[in-house]
2 protein chains.
Amino acid sequence: MCAASGCYNERVSSSNGRKVTILDVARAAGVSKSAVSLALRGDPGLGKRTRAAIVAEAQRLGYRQNRWARSLVQGRTGLVGVLLTDLSSDYQTEIVHGIEDAAEQVGLEVLLSHGRRDPAVLQRRLTQLGDLGVDGVVVLSAMLGPAVLARAATRQPMVVVGRVEGLPPGIGSVANHDEAGAQLAVQHLVGLGHRRIAHLTMSQRAAARARRRAYEESMVGAGLGAFVQVAPEWDGGVDQLVAAAGEQDGPTAVFASNDRGAAAVVAAALDRGLRVPEDLSVIGYDNTALAQALRPALTSVDQPRPQMGRLAMDQLAELMAGGEARHQVVEPELVVRGAVARRWGS
Amino acid sequence: MCAASGCYNERVSSSNGRKVTILDVARAAGVSKSAVSLALRGDPGLGKRTRAAIVAEAQRLGYRQNRWARSLVQGRTGLVGVLLTDLSSDYQTEIVHGIEDAAEQVGLEVLLSHGRRDPAVLQRRLTQLGDLGVDGVVVLSAMLGPAVLARAATRQPMVVVGRVEGLPPGIGSVANHDEAGAQLAVQHLVGLGHRRIAHLTMSQRAAARARRRAYEESMVGAGLGAFVQVAPEWDGGVDQLVAAAGEQDGPTAVFASNDRGAAAVVAAALDRGLRVPEDLSVIGYDNTALAQALRPALTSVDQPRPQMGRLAMDQLAELMAGGEARHQVVEPELVVRGAVARRWGS
DNA sequence: CTGAAAGCGCTTACAG
DNA sequence: CTGAAAGCGCTTACAG
């Protein structure tokens, strides 16, 4: 039976005896299988004493419920999946914390998955989560298209965190108000006297596009000209932008569509001998740990990440209970730090 | 049956019809249940044509195997758990990538879990992984004590990545050679002419202690005095160290036990008006993304993370097959960047 | 309050 | 090459 390959369970079994089942507990406690099941789940239709005795016996034997068996009969797993673009983005991390806190409150367990910044891998992970039988999934990545999301959402309810263009019906969403965030950044710089404010955008995704549009509108609204630098692949766009900043009538400030871009601008500026913020002010987006670690520290637009996670999980629970999908928007705030300076004249 | 709470499955079922089982496929293909099972797993004892027909039918119906049911009968899940201290540490991220690559090759799926830097949470997560029925677990956190590890390891094989004091027998390990890494850092600084080299240590964990010991021995070996600053809780220890660096006969270089500490030293130095590296050279450990993002960029000791992940997963697979636990050590390398300068005289 | 029975969706010998 | 049968560990009505 355990002849050839794959039967490595022998080792485990021998290390903790046979695996203890509900039947072992029943025998030890002198009751029926059902009684044990009821006792373990705290069913009221069972005598207090009987119940206590059964629980004690289970404990003594080191009984652990087999989740797979339970899920099989119950038709649900009590698991929710969270799909991340990649690990090690603290933008995502704090959202995950919010999700976990909310999940714990409603008695669900969180399974994490990530796609290593590769849409194909992300798609595979989404399928795997479905195969694992998650009862719902939160997608924390903007790298998946509407078609992929729609297909995955037929298997279990879904909530997307972050902006997605053309989100299919039935899928919930939670996003920050990108337009408001961009406006905060521009207005802050304008208020400090900056007139030539450039925007660095890193991607063509919905959130980046919204920030860019709002930047442009804010600049026009302030009677100023907009200058957008696109640097999707770290292809020298950042250097170009910083080179322009070094010239007469070049930008005196940069609003980047995220902190990574802002950090790259700071690094390139320092590498080129520009002073930050005296020669160039820089604002990022997301208020990540990077923003705090850098010197000068980055001023950045902060999204209320834990709250976003909680909202996403709460909405997912609603969807699982049969509720309607909603699109929730939260307001960002500007966190002011050192990489921005007042600008006189010019 | 689905009266009160928790029966949100109705919604899903209605959105994709009834869930397709092996029995549906059998009926549609006009064969028995067993035939479908055999066909789907590519069993050789089945006609090529029959098999193709069954597979086609399964595809057409959108059949997805129920993993829980399969695991229940097979007695294993094909899942391995990976326990992380927290998300968003790119030291851990690349190890995870190595683990995943190796796992895929041996046909195992990876489940991620993390403890938010809290030992109690970590311990809970480890138990949850066991309850989910993982066939093995890689622990990527140094925050768990031997007792906790030993208990968890009775449920399934375990490999720990990173140094652990008093690792219980039967548990495998993969770690970098901390002593060699510390030596590389000290020798590099000494080679550049530094004589007063301080060490910043952040924790009492085994790896940190080993680096500290090796630092002290390297200094003594070079005929130099050692100066260790302990800053476990960002409690001002970093400021103290940097203040000392500003004084006559203060340290001209700092070797920090990790990049986060090194970054804090750089930030504190710059905040205090010291120039890095002219006034103070700084070396970190782990060669994280932070080391590259900072200006000046950090020189840092690099651990071969993807390789460590692969080794851990490969060893875990061996353990699951009944092999003996081993303790593997890999060699670190020094990655030289800008935050270190040559020191004349002094 | 209890116990026998059916069944969740699959795999696995086993007899044909 | 096929089909009937048992069983993985649990939950859930149901009859007592």
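The values are calculated or read from the model by the stated rules, or taken from the named source; none is laboratory data. The shown structure was predicted, so the numbers you read here are calculated from the model rather than taken from an experiment. Neighbour counts are summed over all protein chains in view; Cβ atoms, including those assigned to glycine, are modelled from backbone coordinates with ideal geometry.
Scanning region A:73-85 for residues that are under 19 Å from residue B:93 (Cβ atoms) and within 9 Å of chain B (Cβ to nearest Cβ) yields a total of 1. Flag set for residue A:3, criterion: within 15 Å of DNA strand C (Cβ to nearest atom), more than 7 Å from chain B (Cβ to nearest Cβ) and at pLDDT below 85.
Residue-wise test of (1) away from chain A (no Cβ under 14 Å); (2) of a type outside the set (Asp, Glu); (3) out of contact with any Cys (no Cβ under 9 Å at 6 or more places or on another chain); (4) more than 12 Å from DNA strand C (Cβ to nearest atom).
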residue: B:19; (1), (2), (3), (4): no, yes, yes, no
residue: B:26; (1), (2), (3), (4): yes, yes, yes, no
residue: B:50; (1), (2), (3), (4): yes, yes, yes, yes
residue: B:56; (1), (2), (3), (4): yes, yes, yes, yes
residue: B:71; (1), (2), (3), (4): no, yes, yes, no
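For region A:118-136, a tally of residues being assigned to a loop (DSSP other than H, G, I, E, B) and within 9 Å of chain B (Cβ to nearest Cβ) returns 3.
Tallying residues that are farther than 16 Å from residue B:257 by Cβ and assigned to a helix (DSSP H, G or I) within region B:161-194 yields 3.
Could you tell me whether region B:231-246 includes any residue that is at pLDDT below 95, within 30 Å of residue B:168 (Cα to Cα) and not charged (D, E, K, R)? Steps first, please.
Looking only at region B:231-246, we keep the residues that are at pLDDT below 95, and these are B:231-246.
Subsequent filtering for residues that are within 30 Å of residue B:168 (Cα to Cα) retains B:231-233.
Okay, now just the ones that are also not charged (D, E, K, R), so B:231-232.
Yes - at least one qualifying residue is present in region B:231-246.
Cβ-Cβ distances below 6 Å connect the following pairs, each with a first residue in region A:305-324 that is within 11 Å of chain B (Cβ to nearest Cβ) and modelled with pLDDT under 95, a second residue that is buried (at least 17 other Cβ atoms within 10 Å of the Cβ) and not in a helix (DSSP H, G or I), and a separation of six or more residues or different chains: A:321/B:8.
Assess whether residue A:260 counts as being surrounded by fewer than 24 Cβ atoms within 10 Å (Cβ to Cβ), over 27 Å from the mean Cα position of the chain (by Cα) and closer than 17 Å to residue B:294 by Cβ. So residue A:260 fails the test. The condition of being in the same structural domain as residue A:91 (by TED's automatic domain parsing) and aliphatic (A, V, I, L, M) holds for only one of A:242, A:164, A:186, that being A:164. Being surrounded by fewer than 24 Cβ atoms within 10 Å (Cβ to Cβ) and at pLDDT 95 or above is the requirement here; does residue B:183 meet it? Spelling it out, residue B:183 is indeed surrounded by fewer than 24 Cβ atoms within 10 Å (Cβ to Cβ) and at pLDDT 95 or above. Counting only helices (runs of 4 or more DSSP H) wholly contained in region B:24-85, the ones carrying 1 or more residues that are away from DNA strand D (no atom under 13 Å from the Cβ) and crowded, with 16+ Cβ neighbours inside 10 Å occupy B:48-61. Can you pull out every residue in region B:186-204 that is closer than 20 Å to residue B:237 by Cα and crowded, with 17+ Cβ neighbours inside 10 Å? If the condition is that a residue be closer than 20 Å to residue B:237 by Cα and crowded, with 17+ Cβ neighbours inside 10 Å, then B:196, B:197, B:198, B:199, B:200, B:201, B:202, B:203 are the ones that fit. The C-beta contact set for region A:17-46 (first residue over 13 Å from residue A:64 (Cα atoms) and charged (D, E, K, R), second residue more than 7 Å from DNA strand C (Cβ to nearest atom) and in a helix (DSSP H, G or I), distance under 9 angstrom, 6+ apart or interchain) comprises A:33/A:22; A:33/A:23; A:33/A:25; A:33/A:26; A:43/A:37; A:43/A:51.
Kindly indicate whether residue A:88 is within 24 Å of residue B:155 (Cα to Cα) and either at the interface with another protein chain (Cβ under 10 Å from one of its Cβ atoms) or part of a strand (DSSP E or B) (or both). If you could, list the steps in order and put the result at the bottom.
Numbers: within 24 Å of residue B:155 (Cα to Cα): no; either at the interface with another protein chain (Cβ under 10 Å from one of its Cβ atoms) or part of a strand (DSSP E or B) (or both): yes.
No, not satisfied.
Tell me yes or no: at least one residue of region A:109-117 is in a helix (DSSP H, G or I), farther than 30 Å from residue A:285 by Cα, at the interface with chain B (Cβ under 7 Å from one of its Cβ atoms) and touching a Leu at 6+ places or on another chain (Cβ under 8 Å). Taking every residue of region A:109-117 in turn, none turns out to be in a helix (DSSP H, G or I), farther than 30 Å from residue A:285 by Cα, at the interface with chain B (Cβ under 7 Å from one of its Cβ atoms) and touching a Leu at 6+ places or on another chain (Cβ under 8 Å). Checked against (1) assigned to a loop (DSSP other than H, G, I, E, B); (2) within 25 Å of residue A:332 (Cα to Cα); (3) out of contact with any helix residue (DSSP H, G or I) (no Cβ under 7 Å at 6 or more places or on another chain), residue A:225 meets all criteria but (3). For residue B:83, state whether it is at pLDDT 95 or above and either outside the structural domain of residue B:164 (by TED's automatic domain parsing) or within 23 Å of residue B:41 (Cβ to Cβ) (or both). No.
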